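Okay, so here's the structure we're looking at.
The values are calculated or read from the model by the stated rules, or taken from the named source; none is laboratory data. The model shown is predicted, which means the values in this text are computed figures rather than measured ones. Here the Cβ positions follow ideal geometry from the backbone for every residue, glycine too, while neighbour counts run over all protein chains shown. Just the protein is used for accessible areas: all its heavy atoms, side chains included, with ligands, DNA and RNA removed. Shrake-Rupley method; radii C 1.70, N 1.55, O 1.52, S 1.80 Å.
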Amino acid sequence: PVVFIGMEEGSATDEQLESNLIERSQYSQIKDLEPRSTKLQSTWMHMCDLMLRKEGVGSPTAEDKRQYQTHRLGTLGGETLMTELLPYPKRTRKDWPELYKQRYPTHDEYIAEMVPRRHKLLRSIFTYETRDLIVIYGKEHFERFHALFGSAWTSEPPFAHTTAFGARVLVSPHFTSSHFAKNKRRFFELALG
């Protein structure tokens, strides 16, 4: 019922990037995140916080969030789907690794081909099952999501929200940004309706 969509995953080094891509090439169409580290991840902890609040936990502890992340976040049959608009992980927004140039000579060519393909995939995901809430984190990339939802948006800086595919859609700054930290309370109010 809840979908979290980021822009793209990060990667710290070229070696990690290559091993990450080799691992991804062996994924099934849907990748269950189990097993995973029990260390609370900085982006995921806010997803866990939201999901626990959705269940009625007023002020989730770090341990509550760690347990949710370890056993429930993004799991097959669970209540969350985690995905990215763009499938290629990168170290920075401007980075375009040599490895990717084999397929797409430039980042712009990658975006021009990949964004419409991913929009089509995401639309099929949104209509396949009933969704309650779709959370897009990484508001600086909002223009790449706008065509996907194509609705009239209500702006409540630093957030924007609408209804699409029968779900409440909320755009937020990235969960690790200072804009999110300063406005986290309002995020939960908007997400929980």
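For segment 170-181: of the residues being in a helix (DSSP H, G or I) and in contact (Cβ under 8 Å) with a residue 12 or more places away in the chain, which is surrounded by the most Cβ atoms within 10 Å (Cβ to Cβ)?
Residues of segment 170-181 in a helix (DSSP H, G or I): 178-181.
Subsequent filtering for residues that are in contact (Cβ under 8 Å) with a residue 12 or more places away in the chain retains 179-180.
Values: His179: 15, Phe180: 19.
Checking each candidate, the answer is Phe180.
Applying the selection to segment 147-169, what residues are within 16 Å of Arg123 (Cα to Cα) and either in a loop (DSSP other than H, G, I, E, B) or touching a residue at least 24 places away in the same chain (Cβ under 8 Å) (or both)?
Our first condition is that a residue be within 16 Å of Arg123 (Cα to Cα); within segment 147-169, this holds for 147-151, 162-169.
If the condition is that a residue be within 16 Å of Arg123 (Cα to Cα) and either in a loop (DSSP other than H, G, I, E, B) or touching a residue at least 24 places away in the same chain (Cβ under 8 Å) (or both), then Ala147, Leu148, Gly150, Ser151, Ala164, Phe165, Gly166, Ala167, Arg168, Val169 are the ones that fit.
Going residue by residue through segment 24-41, is there one that turns out to be surrounded by 15 or more Cβ atoms within 10 Å (Cβ to Cβ), over 14 Å from the mean Cα position of the chain (by Cα) and at pLDDT 90 or above?
Initial filter on segment 24-41 (surrounded by 15 or more Cβ atoms within 10 Å (Cβ to Cβ)): 33, 36, 40-41.
Now narrow it down to the ones that are over 14 Å from the mean Cα position of the chain (by Cα): 36, 40.
Within this subset, residues satisfying the condition of being at pLDDT 90 or above are 40.
Checking segment 24-41: at least one residue is surrounded by 15 or more Cβ atoms within 10 Å (Cβ to Cβ), over 14 Å from the mean Cα position of the chain (by Cα) and at pLDDT 90 or above.
Residue-by-condition table, conditions (1) surrounded by fewer than 12 Cβ atoms within 10 Å (Cβ to Cβ); (2) in a strand (DSSP E or B):
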position: Thr83; (1), (2): no, yes
position: Thr92; (1), (2): yes, no
position: Leu99; (1), (2): no, no
position: Tyr104; (1), (2): no, no
position: Tyr110; (1), (2): no, no
position: Arg131; (1), (2): no, no
position: Ile136; (1), (2): no, yes
position: Phe142; (1), (2): no, no
position: Phe145; (1), (2): no, no
Checking Asp49 against (1) in a helix (DSSP H, G or I); (2) modelled with pLDDT under 75; (3) open to solvent by less than 70 Å² (accessible area, probe 1.4 Å), the condition it does not meet: (2)
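Does segment 52-64 hold any residues that are surrounded by fewer than 19 Cβ atoms within 10 Å (Cβ to Cβ) and either in a helix (DSSP H, G or I) or of a type in the set (A, V, I, L, M, F, W, C) (or both), and which are they?
Going residue by residue through segment 52-64, those that are surrounded by fewer than 19 Cβ atoms within 10 Å (Cβ to Cβ) are 53-59, 61-64.
Selection gives Arg53, Lys54, Val57, Ala62, Glu63, Asp64.
Which of the residues that make up segment 65-81 are in a loop (DSSP other than H, G, I, E, B) and not basic (Lys, Arg)?
Step one: filter segment 65-81 for residues in a loop (DSSP other than H, G, I, E, B), giving 72-79.
Result: Leu73, Gly74, Thr75, Leu76, Gly77, Gly78, Glu79.
Out of all the residues in segment 115-135, is one or more small (Gly, Ala, Ser) and over 26 Å from Gly78 (Cβ atoms)?
Going residue by residue through segment 115-135, those that are small (Gly, Ala, Ser) are 124.
With over 26 Å from Gly78 (Cβ atoms) added as a condition, the list becomes none.
Checked against the condition, which is being small (Gly, Ala, Ser) and over 26 Å from Gly78 (Cβ atoms), segment 115-135 yields no hits at all.
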